[in-house]
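The values are calculated or read from the model by the stated rules, or taken from the named source; none is laboratory data. For clarity, every value in this text was computed on a predicted model and none was experimentally measured. Neighbour counts are summed over all protein chains in view; Cβ atoms, including those assigned to glycine, are modelled from backbone coordinates with ideal geometry.
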Amino acid sequence: MDDAERKAFADSHLRALPAQTLARLIERARRRHVAAGDTLHRAGDDVRHVELVVRGLVRVHATAPDGRTLTLRYCHAGALLGVPSLYGDPFVMPANTQALLDTDMLAMDPARVRAMADQDVAVAKALLFELSERTMAFASEIGGAAFGNVRQRVARHLLDLAAERQRDARLVAPITQQELADAVGTVREVIVRTLRELRREGLLQTGRSGIEITDAERMLAEAYPRVEHRSLTGGVPHS
């Protein structure tokens, strides 16, 4: 286990496991690199999985038949993905999982994780904490989406729009100031002021192609200020 993996585990719900237990849990794990913009899992997949984000940023989102998307979760280093797949019977992936930044994952053997949870109360407790956090995060997101301030709504909309259009490592939201104002329910003058503040703070740049997010991690913190950023829901990371 390298330093990045140790730090990611320390930020995850597996952090309380004894070293010997953790070593057994990841005995068959493999490191996986996912380039920015690539998809890890697709809606409809039935493969069980348990993965730890070691570095990078991942978005989990649902897509409607007309192409619209809804972010369910953003995942930073330390976030666990796929724990519900261990217990869904049958399991069908309900959403897509996309890397927004170059991302390293540690993919664990799901059968081994499930077997150890069945035998070791410490492992089962860690997974219960993870599932509980997911439930609470989704519930809190309802209020956040409805009652967030303009700055939060702008940050969320830009992240979602840029992720939907992502083709490489850049995150660019192709939207005008008036369209952004209409999307978040305010007036253009407020959007101009908000974008100016975010640009001055180094979170974005504006140009002819749209609004480019230059610091995705800090923009995510703006979008979800009340949530610990190992995994945001709701859009989402530990949402």
*When you go through (1) surrounded by 15 or more Cβ atoms within 10 Å (Cβ to Cβ); (2) over 29 Å from GLU212 (Cα atoms) one by one for ALA8, which number turns out not to apply?*
(2)
*Of all the residues that make up segment 60-86, how many are in contact with a helix residue (DSSP H, G or I) (Cβ under 9 Å, 6 or more places away or on another chain) and either in a loop (DSSP other than H, G, I, E, B) or not assigned by TED's automatic domain parsing to the domain that holds PRO110 (or both)?*
7
*asked:* What's the number of the only condition in (1) surrounded by fewer than 16 Cβ atoms within 10 Å (Cβ to Cβ); (2) touching a strand residue (DSSP E or B) at 6+ places or on another chain (Cβ under 8 Å); (3) outside any strand (DSSP E or B) that VAL113 fails to meet?
replied: (1)
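Within segment 49-59, take every residue that is within 8 Å of CYS75 (Cα to Cα) and in a strand (DSSP E or B) and give me the one that is farthest from the chain's Cα centre (by Cα).
If we filter segment 49-59 for residues that are within 8 Å of CYS75 (Cα to Cα), which is where we start, we get 53, 57-59.
Applying the additional criterion that residues be in a strand (DSSP E or B) yields 53, 58-59.
Working: VAL53: 10, VAL58: 4, ARG59: 4 Å.
Checked segment 49-59; the qualifying residue farthest from the chain's Cα centre (by Cα) is VAL53.
Going by the conditions given, is ARG59 within 28 Å of GLN166 (Cα to Cα) and in contact with a Phe, Trp or Tyr (Cβ under 6 Å, 6 or more places away or on another chain)? Don't jump to the end; show me each part of the working.
On the way: within 28 Å of GLN166 (Cα to Cα): yes; in contact with a Phe, Trp or Tyr (Cβ under 6 Å, 6 or more places away or on another chain): yes.
In short, yes.
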_Can you tell me which condition GLN166 does not meet? The list is (1) over 16 Å from ALA36 (Cβ atoms); (2) at pLDDT below 85, and all the others hold._
(1)
*Subset of segment 42-86 [more than 27 Å from GLU27 (Cα to Cα) and surrounded by fewer than 18 Cβ atoms within 10 Å (Cβ to Cβ)]*: ALA43, GLY44, ALA62, THR63, ALA64, PRO65, ASP66, GLY67, ARG68, LEU70
_In segment 169-189, the residues that are of a type in the set (Asp, Glu) and at pLDDT 85 or above_ = GLU179, GLU189
*Unmet criterion (only one of (1) farther than 30 Å from GLY207 by Cβ; (2) within 18 Å of the chain's Cα centre (by Cα); (3) surrounded by fewer than 18 Cβ atoms within 10 Å (Cβ to Cβ); (4) modelled with pLDDT of 85 or more) for LEU106*: (3)
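Answer yes if at least one residue in segment 13-29 is buried (at least 18 other Cβ atoms within 10 Å of the Cβ) and in contact with a His (Cβ under 9 Å, 6 or more places away or on another chain), and no otherwise. Quick ask: steps written out before the conclusion?
The first filter runs over segment 13-29 and keeps only residues buried (at least 18 other Cβ atoms within 10 Å of the Cβ), leaving 13-14, 17, 22, 25-26, 29.
Now drop any that are not in contact with a His (Cβ under 9 Å, 6 or more places away or on another chain), which leaves 13.
Yes, that holds for at least one residue.
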*For segment 43-59, how many residues are in contact with a helix residue (DSSP H, G or I) (Cβ under 8 Å, 6 or more places away or on another chain), charged (D, E, K, R) and modelled with pLDDT of 90 or more?*
2
*asked:* So THR21 passes all but one of these: (1) over 20 Å from THR97 (Cβ atoms); (2) part of a loop (DSSP other than H, G, I, E, B). Which condition number does it fail?
replied: (2)
